[in-house]
Amino acid sequence: MAYNLLKGKRGIIFGALDENSIAWKVAIKAKEEGGEFVLSNSPIALRKKDIFELGKKTNSQIIAADVTEISELEDLFDESIKILGGKLDFILHSVGMSPNVRKDIPYSELNYDYLMKTLDVSAISLHKILSVALKMDAINEWGSVVTLSYIASQRVFSSYSDMSHAKAMLESIVKQFGYHYGVRKKVRINAVSQSPTRTTAGAGVSGFNAFYNYADAMSPLGNADSNSCANVCIFLFSDLSKQITMQTVYNDGGFSSMGISNKLIQQYIDGDCKE
Ligand SMILES: NC(=O)c1ccc[n+]([C@@H]2O[C@H](COP(=O)([O-])OP(=O)(O)OC[C@H]3O[C@@H](n4cnc5c(N)ncnc54)[C@H](O)[C@@H]3O)[C@@H](O)[C@H]2O)c1
């Protein structure tokens with residue numbers, strides 16, 4: 001069911017790689033809710049071509065931009081405002097990548113050039129997007145920017161490696177920039193901390209199935225899927241959340257409040273009995 005929550009609103013959605021991507025689901029729902037937007041991804045990601053199908057489905061144009069390159073972001077904002085016919089009301093930053101995780105490098109032996117790349121792509125890129133947008137005055141008052149985080153920003157998830165540093169930094173940028181953009185232009189900035197979700201980035205983390213199954217067994221509501229994440233993003237883009245900013249909103253079925261669940265207690269009791 002759609003409620004026209006984004007009617008008359010214009011945006012940019014970063015990070016739809018294929019139909020499993022969280023950004024893909026957000027784009028579909030943003031369209032259903034009456035929003036108009038430009039889709040963006042890195043030049044390499046566009047080679048996968050799936051995004052063009054999403055472009056057709058949502059009647060949106062696609063513009064390549066590497067989120068680490070300021071000049072590409074400037075061109076993207078410039079072109080998007082022209083295409084959409086006015087300043088922006090919402091931005092989804094759904095971007096993450098760690099060469100250390102991809103290459104399965106042990107945490108205690110991180111490659112530091114890769115670490116810089118992880119931080120640049122997965123966290124500092126949000127700062128760059130916000131900084132370019134503020135300089136260009138590209139976002140309307142009460143506009144809303146949403147990024148995607150994971151609870152490994154706060155707690156240890158042993159194989160999440162340097163992505164945990166990126167997420168901690170990302171959530172910190174949400175707060176810091178949320179203040180600066182808020183006082184100057186009344187623009188809101190929030191993160192959604194999402195359950196483990198089967199996507200290209202998610203499945204790249206070693207032991208992903210264990211993350212997924214453990215969180216599912218721990219959470220009273222079970223894992224939150226990517227469609228429910230998209231719903232939260234739409235709410236945060238909409239005027240219904242006008243006074244919410246600088247927050248990390250947990251879309252995780254209750255996982256972040258848990259210590260242990262009966263399901264897991266049972267599993268370990270059974271495990272003890274077998275030994
Ligand atoms: N999947 C999960 O379990 C999960 C859980 C919590 C948070 N998240 C976060 O959600 C966000 C989206 O990831 P996803 O799970 O949908 O996976 P995904 O692989 O579909 O999306 C990641 C996107 O980042 C893009 N990207 C990487 N480098 C880029 C660059 N230099 N410039 C522009 N784009 C670039 C990729 O092309 C891709 O579209 C990420 O921030 C991820 O950390 C995912």
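The values are calculated or read from the model by the stated rules, or taken from the named source; none is laboratory data. This structure is a prediction, so every number in the text was calculated from the model and none was measured. Cβ coordinates were reconstructed from backbone atoms using ideal geometry, including for glycine residues, and neighbour counts include every protein chain displayed.
Here is the figure for the stretch 183-234: residues that are among the hydrophobic types (A, V, I, L, M, F, W, C) and within 17 Å of ILE151 (Cβ to Cβ) total 14. Taking (1) away from the ligand (no atom under 11 Å from the Cβ); (2) closer than 13 Å to ALA191 by Cα; (3) touching a residue at least 24 places away in the same chain (Cβ under 8 Å); (4) out of contact with any Phe, Trp or Tyr (no Cβ under 9 Å at 6 or more places or on another chain) in turn, VAL145 satisfies each apart from (4). Within the stretch 16-29, residues that are within 9 Å of the ligand (Cβ to nearest atom) reach partners that are charged (D, E, K, R) with beta carbons closer than 6 Å, at six or more positions or on different chains, in the pairs ASP18/ASP50.
Scanning the stretch 76-112 for residues that are in a helix (DSSP H, G or I) and free of Cβ contacts under 8 Å to residues at least 12 places away in the same chain turns up LYS82, SER108, GLU109, TYR112.
On the stretch given as the stretch 155-177, residues that are within 19 Å of THR245 (Cα to Cα), away from the ligand (no atom under 11 Å from the Cβ) and in contact with a helix residue (DSSP H, G or I) (Cβ under 9 Å, 6 or more places away or on another chain) total 8. You will find that of GLY8, GLY34, the residue that is in contact with a Lys or Arg (Cβ under 6 Å, 6 or more places away or on another chain), more than 9 Å from the ligand (Cβ to nearest atom) and not in a strand (DSSP E or B) is GLY34 and no other. Yes or no: VAL187 closer than 21 Å to CYS233 by Cα and among the aliphatic types (A, V, I, L, M)? Yes: the conditions hold for VAL187. Any residue at all in the stretch 100-119 that is within 16 Å of the ligand (Cβ to nearest atom) and within 25 Å of ASN231 (Cα to Cα)? Looking for residues that are within 16 Å of the ligand (Cβ to nearest atom) and within 25 Å of ASN231 (Cα to Cα), one finds none in the stretch 100-119, hence no.
This table checks each residue for (1) surrounded by fewer than 17 Cβ atoms within 10 Å (Cβ to Cβ); (2) in contact with a strand residue (DSSP E or B) (Cβ under 7 Å, 6 or more places away or on another chain); (3) at positive phi; (4) not polar (S, T, N, Q).
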position: ASP78; (1), (2), (3), (4): yes, no, no, yes
position: LYS87; (1), (2), (3), (4): no, yes, no, yes
position: VAL95; (1), (2), (3), (4): no, yes, no, yes
position: SER108; (1), (2), (3), (4): yes, no, no, no
position: SER122; (1), (2), (3), (4): no, no, no, no
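Screening the stretch 53-96 for residues that are more than 18 Å from ILE129 (Cα to Cα) and either touching a Leu at 6+ places or on another chain (Cβ under 7 Å) or modelled with pLDDT under 95 (or both) and picking the one that is nearest to the ligand (Cβ to nearest atom) gives LEU54. The numbered conditions (1) more than 12 Å from the ligand (Cβ to nearest atom); (2) surrounded by 14 or more Cβ atoms within 10 Å (Cβ to Cβ); (3) touching a residue at least 24 places away in the same chain (Cβ under 8 Å) are all true for SER228 except (3).
If you go through the stretch 197-214 and keep only what is in contact with a helix residue (DSSP H, G or I) (Cβ under 8 Å, 6 or more places away or on another chain), within 7 Å of the ligand (Cβ to nearest atom) and among the hydroxyl-bearing types (Ser, Thr, Tyr), you end up with THR197, THR199.
Every listed requirement among (1) in contact (Cβ under 8 Å) with a residue 24 or more places away in the chain; (2) out of contact with any strand residue (DSSP E or B) (no Cβ under 6 Å at 6 or more places or on another chain); (3) surrounded by fewer than 18 Cβ atoms within 10 Å (Cβ to Cβ); (4) closer than 25 Å to VAL192 by Cα is met by MET116 save one, (1). Return yes or no: is LYS242 basic (Lys, Arg), closer than 28 Å to GLY11 by Cβ and surrounded by 14 or more Cβ atoms within 10 Å (Cβ to Cβ)? In short, no. List the residue pairs whose Cβ atoms are under 7 Å apart, where the first residue sits in the stretch 193-217 and is more than 21 Å from THR248 (Cβ to Cβ), the second is more than 7 Å from the ligand (Cβ to nearest atom) and part of a helix (DSSP H, G or I), and the two are 6 or more positions apart or on different chains. These pairs meet every condition: GLY204/VAL101; GLY204/ARG102; ALA217/LYS263; ALA217/LEU264.
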